[in-house]
Amino acid sequence: MRKKKQRFEENKINRNVIQSGKEVFETIKGNWHSEHFKNENDIVLELACGRGEYSTGLGAIYKNKNFVGLDIKGTRIWIGSKKARLEKLDNVAFLRTQIDHLDRFFKPGEFSEIWIINPDPRPKDSDEHRRLTSPKYLKIYKELIKPGGLIHLKTDDSALFEFTLDLLKSRDDVMDLEYTWELYSSKYAPDHHGIKTKYEIQFTEKGHKIKYLKFRFRQT
């Protein structure tokens, strides 16, 4: 409990953590480039980022892009925030909020790419609307992402992957859909640069195959 409290206190003062209680939390929408990153580079989101393995991992590789990891768990964000600061990744930030509130923090077209990495599969039928690839969330992404922006999903959960594939294939506003049921034996593996979350490592050790897809929305 003491460690958790300490991490919360550090989040309050770390510039790369944007959360309730900070003035920037209320003013960042539309101002990520000018007020935070101080450049006009594309912004990439990692949703439900946990420890921010993709934000920090890709941020270290692609210095010409900005990365924002979103999660509601402050203790997890602290880990990513610390890594970014130690590695001097000024192009990486973390936003502590619910993904439902994405439109409170980004104006349409302000980010150009989304990574959804090992999200909670929400297996119960009653929780379908809470899946990060449900129609509810796809609507949010489509309204906010830059036209032509890529959306990625990486998961070990076959049911979530199949649910997402079926949904995307049924929509007439989805284009450039590509996917694989075994990421690490596919042509898409190099795109991930060997980055794995804590949970993915646990899943693969149990023999789970990692699935991956990417797509764009057709603007209407």
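The values are calculated or read from the model by the stated rules, or taken from the named source; none is laboratory data. Predicted model, so just to flag it, every value in this text is computed and none were measured. When we count neighbours, we look across all protein chains shown, and the Cβ atoms used for this are built from the backbone with ideal geometry, even at glycine.
Contact map, segment 195-220: residues that are within 19 Å of Glu53 (Cβ to Cβ) paired with residues that are among the basic types (Lys, Arg) and assigned to a strand (DSSP E or B), Cβ distance under 6 Å, separation 6+ or inter-chain. Pairs shown: Tyr212/Lys154. His101 meets all of the listed conditions (1) touching a strand residue (DSSP E or B) at 6+ places or on another chain (Cβ under 9 Å); (2) assigned to a helix (DSSP H, G or I); (3) within 24 Å of Ile43 (Cβ to Cβ); (4) not aromatic (Phe, Trp, Tyr) but one, namely (1). For Leu144, state whether it is out of contact with any Pro (no Cβ under 9 Å at 6 or more places or on another chain) and at pLDDT 95 or above. No, not satisfied. On the given criteria, is Glu200 closer than 19 Å to Arg131 by Cα, in a helix (DSSP H, G or I) and modelled with pLDDT under 95? Judged against the criteria, Glu200 is a match. Restricted to segment 10-45, and to residues there that are closer than 13 Å to Trp78 by Cβ and modelled with pLDDT under 95, the residue that is surrounded by the fewest Cβ atoms within 10 Å (Cβ to Cβ) is Ile13. If I filter segment 138-147 for residues that are more than 16 Å from Glu46 (Cα to Cα) and free of Cβ contacts under 8 Å to residues at least 40 places away in the same chain, do I get at least one hit? Yes, segment 138-147 has at least one match.
When each of Ala48, Ala60 is tested for being surrounded by fewer than 23 Cβ atoms within 10 Å (Cβ to Cβ), modelled with pLDDT of 95 or more and under 25 Å from Arg131 (Cβ atoms), the lone residue that passes is Ala48. Taking first residues from segment 159-185 that are under 19 Å from Gly148 (Cβ atoms) and partners that are aliphatic (A, V, I, L, M) and not in a helix (DSSP H, G or I), the Cβ contacts under 9 Å between residues at least 6 apart in sequence or on separate chains come to Leu168/Val174; Leu168/Leu177; Leu168/Leu213; Asp176/Leu150; Leu177/Leu213; Glu178/Leu213; Tyr179/Leu153; Tyr179/Leu213.
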